[in-house]
Structure formats: C-alpha cells, structure tokens
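Q: Let me begin by handing over the structure; questions about it come next.
The values are calculated or read from the model by the stated rules, or taken from the named source; none is laboratory data. Predicted model, so just to flag it, every value in this text is computed and none were measured. Cβ placement follows ideal geometry from the backbone for every residue including glycine, while neighbour counts extend to all protein chains displayed. Each accessible area value is taken on the protein alone, full model and side chains, heavy atoms only, with ligands, DNA and RNA left out. Shrake-Rupley method; radii C 1.70, N 1.55, O 1.52, S 1.80 Å.
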Amino acid sequence: MNSSTEALESPATPGRNKTAKILLAVVTVIAVAALAAAVFFGYGWGSALLSQKPTADTRDAALTGAQQAAVNLNTVDAAAIDQSFDNMKSSITGDLMLNDLEQTRSGITDQVRQSGAKSEAEVLHGTLTELSTDENTATALVVIATTTTWPDRVERSKLTMRLAMEEVDGVWRTNKVDPIGSRISLDNPATNPVIPTEPGGPADPNAADPSAEATPAPQPDTGGN
C-alpha cells in the first residue's frame, strides 16, 4: 500500500515536464507577438492620423484663403473704396499683384467714388487642384457669383477663377489670378458668348450642307421638237 501511495504522490515524469514547458513557451511567444502587433498597428493607426491631420488642415486653410481672395477681389463699394482696396490687399502677395493694385487705386477718380456703384461677390464652389505642403503653395479653382448694383440697374454674373496661392506669415494669399473663360451673365443668358463647336461635334441641323450639290431647276416645256 505504501509503495502505491508513494507512486501516486511522486513528481511528474521528466517527459511531461518538458511538454508543459514547451506549451508554456509557445503560449508566451504568441501572447508577446499579439501584444507587439497591437502596439505596432495601434501606433501606425495613430501615426497615420497625426500625419494626415496637418495636411488636411493645410488644405482647408489654402482653400479658405483662395475663396476669400476671390470674394475680396470682386467686392467693391464706391462709397468705401479705400476699405475695398484694403480688403483686396489683404488677400494678395507678390510685387506684380501689389503694384497692379496700387496703380488701380491711384487711378480711382472722384467720379468713380461718387458713382454709387457696388459689387458684391459670393462663392458658389471652390476646390484645390494642387497642394505642396513642403513649399506651402497651392492652386485653386473658385466659382463666384457677383451682384453689381448701379443707381439705375442691377447686374448679376458668374465667373470662374484660377488662383495661385502661397502661405505668407501664416496667411494664404494669391500671387496670380487667371479668369477661366468669360464672365457669364445670370440675368440675360442670350448675351453670353457662344462656345465654338468642337471639330467633329454635332452640326447645326439648320445649316446647309456645303458639300451637297444643288438640284438644277426644271426647264420649262416649250412644246417644240
């Protein structure tokens, strides 16, 4: 009886101890790998968010600056002409733009100041087509609607502009502005310029075909032989 009891209470065999150690090691490795993966992917996800946020903020700031520039450059009040030019100046940069603005300001006459004219602009749509976070430059397309009020009439029109932007002292300003196409009247579409038809495009159904041969007119019957 004593020998049987001692056998039951004896330590596990060396083979079973070795198997248990191997299983423990495998479980430990798996746990460490899972923890490492969680830390790595968690860091990568957080790092991606942190790296994308400055770019998104820069994009928003550049677009906001472009839209504000488009509005300022197309908003003029004859009764407060100096303030209008100051607003324009706050949205531009570069010698060319600044010099052109000052020349225009110096050419304003008392007749213009007393004309009672007023032009207001609002943004219809805007988007960035280029952005360089390294050089802090961007290019934007902005569509605006302008309402110009004269003492005797009101004119509304739409204009698309391409603006080259750069960040100057934390503010996005434009150093070049190009109109895209012509200004489009919103009051009288019939006066808008006609866009030429592309080669190979649909032809005017009312236009005569220059290549067609004219059908000769029937000759009168004289009754002779």
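Q: Which numbered condition trips up Ile108, out of (1) without any contact (Cβ under 8 Å) to a residue 24 or more places away in the chain; (2) part of a loop (DSSP other than H, G, I, E, B); (3) more than 23 Å from Met165 (Cβ to Cβ)?
A: Against the list (1) without any contact (Cβ under 8 Å) to a residue 24 or more places away in the chain; (2) part of a loop (DSSP other than H, G, I, E, B); (3) more than 23 Å from Met165 (Cβ to Cβ), Ile108 comes up short only on (1).
Q: Return the residue satisfying two criteria in turn: it lies in the stretch 129-152 and is open to solvent by 20 Å² or more (accessible area, probe 1.4 Å), closer than 20 Å to Asn74 by Cα and among the hydrophobic types (A, V, I, L, M, F, W, C), and of such residues it is farthest from the chain's Cα centre (by Cα).
A: Of everything passing the filter in the stretch 129-152, Trp150 is farthest from the chain's Cα centre (by Cα).
Q: Spot the failing condition for Ala56; the list is (1) modelled with pLDDT of 95 or more; (2) under 27 Å from Ser132 (Cα atoms), and only one is missed.
A: With respect to (1) modelled with pLDDT of 95 or more; (2) under 27 Å from Ser132 (Cα atoms), Ala56 is out only on (1).
Q: So, in the stretch 61-93, of the ones that are of a type in the set (Gly, Ala, Ser) and open to solvent by 20 Å² or more (accessible area, probe 1.4 Å), which residue ends up nearest to Trp150 (Cα to Cα)? Step through it out loud before you land on a result.
A: Looking only at the stretch 61-93, we keep the residues that are of a type in the set (Gly, Ala, Ser), and these are 61-62, 65-66, 69-70, 78-80, 84, 90-91.
Checking the rest, the ones that are also open to solvent by 20 Å² or more (accessible area, probe 1.4 Å) come to 61, 79-80, 90.
On the way: Ala61: 34, Ala79: 12, Ala80: 15, Ser90: 26 Å.
Selected residue: Ala79.
Q: Same structure, new question: Residues Gly116, Gly126, Gly65: which one is on the phi > 0 side of the Ramachandran plot and either under 12 Å from the mean Cα position of the chain (by Cα) or part of a loop (DSSP other than H, G, I, E, B) (or both)? Show your work before the answer.
A: On the way: Gly126 fails: on the phi > 0 side of the Ramachandran plot; Gly65 fails: on the phi > 0 side of the Ramachandran plot.
Every option except Gly116 fails the conditions.
Q: Is at least one residue of the stretch 186-207 at pLDDT 95 or above and open to solvent by 90 Å² or more (accessible area, probe 1.4 Å)? Talk me through it step by step, then tell me what you get.
A: Quick first cut of the stretch 186-207, residues at pLDDT 95 or above only: none.
Looking through the stretch 186-207, none of the residues is at pLDDT 95 or above and open to solvent by 90 Å² or more (accessible area, probe 1.4 Å).
Q: For the stretch 114-132, does any single residue satisfy the condition of being of a type in the set (S, T, N, Q) and over 29 Å from Asp187 (Cβ atoms)?
A: We begin by selecting, within the stretch 114-132, every residue of a type in the set (S, T, N, Q); these are 114-115, 119, 127, 129, 132.
With over 29 Å from Asp187 (Cβ atoms) added as a condition, the list becomes 129, 132.
Checking the stretch 114-132: at least one residue is of a type in the set (S, T, N, Q) and over 29 Å from Asp187 (Cβ atoms).
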